[in-house]
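Have a look at the structure below before the remarks.
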Amino acid sequence: MGGRGAKLESGGFRFQEFKSTGEIAGVKVLEPINRNKDQVKMPHISNTPGTSYLTLNKKGDRIKKFRQYGADRLPVLDIDFDHDHGWGVPHVQEWKDGKRVDEGRPITQEERIKYAKILEAAGY
């Protein structure tokens, strides 16, 4: 995804769905274009391999989700900050081959170190 949310033809997209509204802890914050902010979801494919993005809650004052993409541009890992599946807040949801693997799990100590700036920015 480019700075304005443009999609590459190689990704099969024909219009802009997201725009970057800034950065938090060095990660771009995305906002949907022409969609209800109450239904904000992350892009399923990133046009930049190995990148990550954040979305904010509908008030725009808290981090809702962090998503890391792999070399294949598909999601690898989400950290959710706004709900609990029994794994606490925040928690991790893993992806494999473009599909979410499970409902979540606690964040590991290694992930707490790796994503420390994001967790700190989110208040954890």
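The values are calculated or read from the model by the stated rules, or taken from the named source; none is laboratory data. Given the structure is predicted, the values throughout are model-derived calculations rather than measurements. Cβ atoms come from the backbone with ideal geometry, glycine included; neighbour counts cover every protein chain shown.
Can you tell me which residue within the stretch 1-41, out of those that are modelled with pLDDT of 85 or more and part of a loop (DSSP other than H, G, I, E, B), is farthest from LEU119 (Cα to Cα)?
Checked the stretch 1-41; the qualifying residue farthest from LEU119 (Cα to Cα) is GLY26.
Given the criteria more than 13 Å from the chain's Cα centre (by Cα) and not hydrophobic (A, V, I, L, M, F, W, C), does GLY50 qualify?
Here the answer is no, as GLY50 does not meet what is asked.
Which condition breaks for GLU94 when tested against (1) among the charged types (D, E, K, R); (2) within 15 Å of the chain's Cα centre (by Cα); (3) farther than 22 Å from GLY60 by Cα; (4) in a loop (DSSP other than H, G, I, E, B)?
Unmet for GLU94, out of (1) among the charged types (D, E, K, R); (2) within 15 Å of the chain's Cα centre (by Cα); (3) farther than 22 Å from GLY60 by Cα; (4) in a loop (DSSP other than H, G, I, E, B): (4).
Restricting attention to the stretch 50-84, report how many residues are among the small types (Gly, Ala, Ser) and crowded, with 19+ Cβ neighbours inside 10 Å.
Number of matching residues: 1.
Scan the stretch 56-75 for residues that are touching a residue at least 40 places away in the same chain (Cβ under 8 Å) and part of a loop (DSSP other than H, G, I, E, B) and report the count.
2
Hey, could you check the stretch 85-118 for residues that are in contact (Cβ under 8 Å) with a residue 40 or more places away in the chain, of a type outside the set (Phe, Trp, Tyr) and closer than 14 Å to SER52 by Cβ and say which is surrounded by the most Cβ atoms within 10 Å (Cβ to Cβ)?
Step one: filter the stretch 85-118 for residues in contact (Cβ under 8 Å) with a residue 40 or more places away in the chain, giving 98, 115, 117-118.
Keeping just the survivors that are of a type outside the set (Phe, Trp, Tyr) gives 98, 117-118.
Keeping just the survivors that are closer than 14 Å to SER52 by Cβ gives 117-118.
Working: LYS117: 12, ILE118: 22.
Step by step, filter the stretch 85-118, then rank; the result is ILE118.
Scan the stretch 78-114 for residues that are touching a Phe, Trp or Tyr at 6+ places or on another chain (Cβ under 7 Å) and not charged (D, E, K, R) and jot them down.
ILE79, VAL89, PRO90, VAL101, GLY104, PRO106
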